[in-house]
Structure formats: C-alpha cells, structure tokens
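Right, one structure below, let's go through it.
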Amino acid sequence: MHDHSLLHQLRSRLAHQLDPVLYSGRGMSPLNIAIALVILAGILLAIIQTEPNISKGHEHWFRYTELALGSLFLLEYLARLWTCIENDSIKSRWQHFFSFFALADLLAILVAFSLYLGNGGVILRLVLLIRVVRLARLGRFSTALECIAEAIRSRTYELLVSGIFGLIILLFAATCLYLVEGDIQPEAFGSIPRATWWAVATLTTVGYGDVYPITVLGRVLAGITAVTGICMIAVPTGILASAFSDAIKEAKEKHRRLPKVLDKEI
C-alpha cells in the first residue's frame with residue numbers, strides 16, 4: 001500500500017512536469033525546457049543531414065545520434081502515456097494514445113528508428129521535422145495553439161465572408177487584365193487562368209515581377225488591385241487579432257481558476 005502511494009506521488013509529480021495544463025509555475029516546466037532543447041537538437045540534426053558535404057563519411061555517427069534521440073523520445077512518450085490520466089480531462093490512456101500529439105510523437109519515434117535501421121530516404125528525413133509539432137505541446141505553446149484554434153472557430157463566418165470577397169476580387173482583377181492586356185501579352189494574360197497568377201501575386205502584395213501590365217489602363221488597374229490587396233489582407237488580420245485577444249484573455253482567466261492540486265496531493 002505504501003509502495004502504491006509512492007508510485008502515485010511519483011506519477012503525479014511527473015505529470016505536473018510534463019503536462020502544461022497541470023504545471024502551476026510560470027512559463028515552461030524545467031523538464032519541458034529540457035525536452036524542447038532535445039527536440040531542437042533533433043531538428044538541427046535532421047537539417048544538417050541533408051547537406052552531403054557534412055553527412056558524407058559520418059553516416060554512422062548520425063545513425064547513432066538518431067538512435068539516442070529516438071530512445072529519449074520513446075522514454076518521454078511512455079512517460080506521457082503513464083502520467084496522462086492525472087489530467088482530469090483525459091478519461092483513459094487510450095484517449096491520449098489516439099490524440100493528435102501522441103500520434104505525432106509515435107510517428108517521430110518510428111521514423112527515427114527506421115532511419116537507424118537504414119530504411120531512411122529523403123521523404124523520411126523530412127518527416128523528422130514533425131518534431132517541430134512536438135514543440136507545440138510544451139509549456140504555454142499548447143495554450144497558444146488552443147487560443148488560435150478557438151479564435152478561428154469563433155470567427156468562422158466572418159473569415160468565410162472575407163475569403164469569398166477576396167476570391168471575387170481575385171477573379172475580377174484577373175478578368176480585367178485579360179480584357180486589357182490579353183491581346184498584347186498573350187503568354188501572360190492570354191486567358192483568365194493565366195491572368196489569375198498575376199492577380200494572386202499582386203493581391204497578396206508579393207509582386208514577383210515576372211508578369212506585369214505594360215499599357216496605361218493595365219497599370220492603373222494593377223495599382224487599384226495592389227491597394228485593394230492591402231485592404232483585403234487587413235480584414236481577416238483584424239478579425240483574427242480581435243478573436244485571438246479574446247481567446248487569450250479567456251485562457252488566462254481559466255488558468256487562474258485552475259485549482260493548485262499539486263500542493264494538496266503531495
């Protein structure tokens with residue numbers, strides 16, 4: 001019975017270090033900071049491996065490093081699976097196992113061991129960058145992602161309306177340049193689909209410069225399109241900024257109301 005109590009205390013302490021919802025301190029827990037550094041090291045390793053001048057002749061070193069990182073990730077994965085039930089919002093370990101972040105963790109681990117066994121290719125090495133997703137679950141990063149998702153959900157209608165409005169402007173601009181410049185520059189504006197590439201680059205204010213109107217009327221329309229693009233981008237940006245601010249305030253209020261269960265249990 002005493003051993004069971006010690007085991008429960010150990011699981012509770014570990015859960016409060018791994019789960020940002022349970023952690024009552026400011027920022028990220030020390031354990032999650034260490035995990036984040038290991039993840040960043042793994043990402044850097046995956047990037048370096050794509051440079052032949054560095055990786056050539058050091059394949060064994062990279063494989064052993066991948067094995068070490070994979071082992072650490074596997075240990076963390078099992079620890080999260082063991083402690084996840086300390087979070088009241090998780091009913092069972094199966095619920096945690098089939099969650100998005102848990103599946104992302106498992107995929108990263110499988111890819112790491114697959115590369116060690118010599119089955120790696122360019123695609124598998126790029127999949128290693130899924131470790132970036134793992135950073136999102138640490139500390140207050142997970143809260144920020146939840147706030148972004150909540151902001152998008154709460155403003156779905158407004159974003160949909162602005163998206164439709166933007167699509168209308170896009171097609172209108174492409175049609176106008178097709179009518180004005182289609183005969184003069186058939187390669188660039190000879191059809192509405194061809195002119196759409198210019199409209200996308202102009203409305204998004206990217207302006208590659210590979211396609212541009214040469215007539216006076218075409219340039220006037222291009223100027224109007226560019227200015228409209230700035231306004232069009234500002235609309236969803238303002239909508240999301242307001243919604244994200246509201247979601248952050250709500251998340252902070254929710255965090256303040258969380259009971260300090262760690263002090264009660266230990």
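The values are calculated or read from the model by the stated rules, or taken from the named source; none is laboratory data. Just so it is clear, the model here is predicted, and its values are computed rather than measured. Here Cβ is always computed from backbone atoms with ideal geometry, including for glycine, and neighbour counts include all displayed protein chains. In case anyone asks, the SASA skips ligands and DNA or RNA and just uses the protein heavy atoms, side chains included. Shrake-Rupley method; radii C 1.70, N 1.55, O 1.52, S 1.80 Å.
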- [ ] Please enumerate the residues belonging to region 203-217 that are modelled with pLDDT under 90 and either open to solvent by less than 40 Å² (accessible area, probe 1.4 Å) or not aliphatic (A, V, I, L, M) (or both).
- [x] 203, 204, 205, 207, 208, 209, 210, 211, 212
Task: Answer from 188, 151, 195 - the residue that is open to solvent by less than 70 Å² (accessible area, probe 1.4 Å), in contact with a Lys or Arg (Cβ under 7 Å, 6 or more places away or on another chain) and either in a helix (DSSP H, G or I) or closer than 20 Å to residue 229 by Cα (or both) - done: 188
TODO: Return the total of residues in region 222-250 being without any contact (Cβ under 8 Å) to a residue 60 or more places away in the chain, open to solvent by 40 Å² or more (accessible area, probe 1.4 Å) and among the aliphatic types (A, V, I, L, M).
DONE: 6
Open item on the list: So for region 185-193 (the condition being within 29 Å of the chain's Cα centre (by Cα), modelled with pLDDT of 90 or more and over 30 Å from residue 25 (Cα atoms)), does at least one residue qualify?
Closed with: no
Open item on the list: Of the residues 200, 235, 206, only one is outside any helix (DSSP H, G or I) and either within 25 Å of residue 148 (Cβ to Cβ) or touching a Phe, Trp or Tyr at 6+ places or on another chain (Cβ under 6 Å) (or both); which?
Closed with: 206
